Amino acid sequence: MPHNERVKRYGLQGQGHFHVGWIGLSIYERNGIREMSGRDLVDELRQQTNISTKLIFIHVAKTAGTAVKQIFSGHFPVDQCVMDLENSADWVNCENISRFEQLQFLSGHMAYPELERRIDMTKFVLATCLRNPIEHIVSHIVHFRRLADKENQATFDACSKDAQLLIAKLAKSDLSSPEAISYLYSSMTDFEVLLFDNCQTRYFTRGLTYLPDGQRIGLKEMEYALQTLKQFDHVGDVKDIRAFVANVCHSMGWSVPVSIPRVNAFTEKYGLDISKPAIVNALWPFIHFDYAIYSQQGKLKNAKSANA
């Protein structure tokens, strides 16, 4: 996506004004004295109450995160944002890590334990979003399967060798067959386990970073993920993405966007019809720990405030 598209304000920045929550005041000087803007006022109030003005959004793949981080990043200066932390050369090479702690908005497909190991997470408001696991695994599989279609050849060519092998494997599979889906699960390579085995749980446990290659999520990792999510200020649900965005915006002192754009949404499911119980049963091993976490989502989003 072009850089200028990523930093659109979605109507939140007016001509000469910043609309911050219920405050919309001009920024200008009068008789040489700088008037306090709505944003300045919110920042001062946050400093007085020790509320962070910085945000980390952990982007679980296929949870509407691309649209969400476009909205969130629009409230910060461009040079204060890292949208895809996992692609930052400094982060990948563990160089100049301290600079990330000074930024105002961080996002990416990153596991919480890795972030916690490198930066002080207490300096940030923490937010993430979960998705109904059966819908999530279908979307995740479809995301890779569609890259076998001719119109996506350029994207396919840019993928790693492991990803290309997976894409070819999915293209040869009859995804309308429960037996074929079960075989996909039992025959997963280490790379495929990392992608498809209880993927949402892996973002909040040691799965992405610390588990040996090919090891699948177990009860211990699920319990670790649940404890991790209790440290978050906001845990949303894709089925009510507007409420999640509104809650984060209110807590940060921002206006709520009028609409949330749909990004990377695909209607073709290649036979993965979750209205059929046999398909759901075949997919269940991929997601059973994710479902345990997702079923706690309503409690998780209130856990931190309740324990404060």
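The values are calculated or read from the model by the stated rules, or taken from the named source; none is laboratory data. From a predicted model like this one, the values you see are computed outputs, not experimental measurements. Glycine gets a Cβ as well: all are built from the backbone with ideal geometry, and neighbour counts include every protein chain shown.
Can you tell me which residues in segment 68-91 are among the charged types (D, E, K, R) and in a loop (DSSP other than H, G, I, E, B)? Full working, then the answer.
Initially, segment 68-91 is screened for residues among the charged types (D, E, K, R), giving 69, 79, 84, 86, 90.
Passing the criteria: only Asp84.
Take the conditions (1) under 24 Å from Asn281 (Cα atoms); (2) touching a strand residue (DSSP E or B) at 6+ places or on another chain (Cβ under 6 Å); (3) of a type in the set (Val, Ile, Thr); Thr128 misses just one of them, which is (1). Evaluate segment 225-237: report whether one residue or more is on the phi > 0 side of the Ramachandran plot and in a loop (DSSP other than H, G, I, E, B). Checking segment 225-237: not a single residue is on the phi > 0 side of the Ramachandran plot and in a loop (DSSP other than H, G, I, E, B). If you go through segment 130-159 and pick out every residue that is in contact (Cβ under 8 Å) with a residue 40 or more places away in the chain and farther than 19 Å from Lys172 by Cα, you end up with 7.
Out of Tyr28, Tyr10, which single residue is modelled with pLDDT under 50, surrounded by 13 or more Cβ atoms within 10 Å (Cβ to Cβ) and aromatic (Phe, Trp, Tyr)? If you could, list the steps in order and put the result at the bottom.
Values: Tyr28 fails: surrounded by 13 or more Cβ atoms within 10 Å (Cβ to Cβ).
Within the list Tyr28, Tyr10, the selection yields Tyr10.
Scanning segment 59-78 for residues that are among the charged types (D, E, K, R) and over 19 Å from Val125 (Cα atoms) returns a single hit, Lys62.
In the list Leu165, Leu130, Leu184, Leu175, which residue meets the criterion of being hydrophobic (A, V, I, L, M, F, W, C), touching a helix residue (DSSP H, G or I) at 6+ places or on another chain (Cβ under 6 Å) and within 29 Å of Ile58 (Cβ to Cβ)?
Numbers: Leu165 fails: touching a helix residue (DSSP H, G or I) at 6+ places or on another chain (Cβ under 6 Å); Leu184 fails: touching a helix residue (DSSP H, G or I) at 6+ places or on another chain (Cβ under 6 Å); Leu175 fails: touching a helix residue (DSSP H, G or I) at 6+ places or on another chain (Cβ under 6 Å).
Testing whether each residue is hydrophobic (A, V, I, L, M, F, W, C), touching a helix residue (DSSP H, G or I) at 6+ places or on another chain (Cβ under 6 Å) and within 29 Å of Ile58 (Cβ to Cβ) leaves just Leu130.
Here Glu116 does not fit the description of being touching a residue at least 24 places away in the same chain (Cβ under 8 Å), among the charged types (D, E, K, R) and under 19 Å from Val60 (Cα atoms). Evaluate the following for Asn87: is it over 14 Å from the mean Cα position of the chain (by Cα) and under 26 Å from Phe196 (Cβ atoms)? Spelling it out, Asn87 is indeed over 14 Å from the mean Cα position of the chain (by Cα) and under 26 Å from Phe196 (Cβ atoms).
Could you run through segment 155-183 and say how many residues are touching a Gly at 6+ places or on another chain (Cβ under 9 Å) and of a type in the set (D, E, K, R)? So the count comes out to 1.
Evaluation of Ile119 against the conditions (1) of a type outside the set (Gly, Ala, Ser); (2) touching a helix residue (DSSP H, G or I) at 6+ places or on another chain (Cβ under 6 Å); (3) modelled with pLDDT of 95 or more shows that the sole unmet condition is (3).
Screening segment 92-131 for residues that are assigned to a loop (DSSP other than H, G, I, E, B) and under 14 Å from the mean Cα position of the chain (by Cα) and picking the one that is surrounded by the fewest Cβ atoms within 10 Å (Cβ to Cβ) gives His109.
Counting only helices (runs of 4 or more DSSP H) that sit wholly inside segment 164-203, those with at least 1 residues that are within 21 Å of Gln215 (Cβ to Cβ) and basic (Lys, Arg) are 199-202. Considered as a group, the residues in segment 234-282 that are within 16 Å of the chain's Cα centre (by Cα), basic (Lys, Arg) and within 30 Å of Ser173 (Cα to Cα) include one that is surrounded by the most Cβ atoms within 10 Å (Cβ to Cβ), and that residue is Lys239.
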